[in-house]
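Q: This is the structure, below, for whatever I ask next.
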Amino acid sequence: MRERKVCTLSVMLAAAFCAATFISVIPPAAEGDEKITPQKLFEQKCSQCHSLDDPRSQRNTKAEWTQLVKRMRGNGCDLSDDEAETIVGYLSKNFGK
Ligand code: HEC
C-alpha cells in the first residue's frame, strides 16, 4: 500500500515537472511577440531608411497615413498587411490631425 502511494506521487511529480518544463519553454516566444507594441514596431520598421522625425513631424488623417505607409512599402519598407495596419493605427492615433 505504502509503496503504491509513493509510486503515484512520483508519477505525479514527473508529470508536474514535465508540464513545468513544457510551459517554461513555450511562453517566452509568445511573450516576445506580444511585447512588440505598435510603437516599437513603428520604431523598428520606420527608422531603417530615414529618421523617425520624418513621420513624427507630420500630422495626418488615417487615410493619409494609410497612403503614406503604402508608399513606404513601395519604397521597400518590409511590412506585412497586419504590420502596416498596426503602424497606421499607431500613427493616426498619436500623429493624427
Ligand atoms: C526601405 C526604406 C524606407 C522605409 C523602411 C521607410 N521609408 Fe519612409 N521614406 C523612404 C524614402 C525613400 C522617402 C523619400 C521618398 C518618398 O517620400 O517617398 C521616405 C520619406 C518618408 C516621409 C517624408 C515624405 C513625405 O511625403 O512627407 C515620411 C513621413 C516617411 N517616409 C514615413 C515612413 C514611415 C511611417 C515608415 C514606416 C512604415 C517609413 N517611412 C519607412 C524610405 C523608407
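Q: Across every pair of different alpha-carbon atoms, what Kirkwood hydrodynamic radius in Å does segment 36-97 reach? Before the final figure, lay out each step's value.
A: On the way: mean 1/r = 0.0885 Å⁻¹.
This gives a value of 11.3 Å.
Q: A further question on this structure: If we sort 75-83, 36-44 on the protection proxy, mean other Cβ atoms within 10 Å, highest first, what's the order? Intermediate values should be presented prior to the final figure.
A: On the way: 75-83: 11.8, 36-44: 14.2.
Highest to lowest by the protection proxy: 36-44, 75-83.
Q: If you don't mind, another one. Each residue of segment 86-96 in order: what ³J(HN,Hα) in whole Hz does its phi give by Karplus 6.51 cos²θ - 1.76 cosθ + 1.60, θ = phi - 60°, with x for Gly and Pro?
A: My calculation for segment 86-96 gives 4, 5, 4, x, 4, 5, 6, 6, 9, 10, x Hz in order.
Q: In addition: Are there any trypsin sites (Lys or Arg not before Pro) in segment 53-92 that are in a DSSP loop and have at most 15 other Cβ atoms within 10 Å? List them by number.
A: Values: sites: R56, R59, K62, K70, R71, R73; in loops: R59.
Passing both the DSSP loop test and the Cβ count: R59.
Laboratory data are not the source of any read-out in this text; all were calculated from the coordinates shown. Since this is a predicted model, take the numbers as computed values, not measurements. Here Cβ is always computed from backbone atoms with ideal geometry, including for glycine, and neighbour counts include all displayed protein chains.
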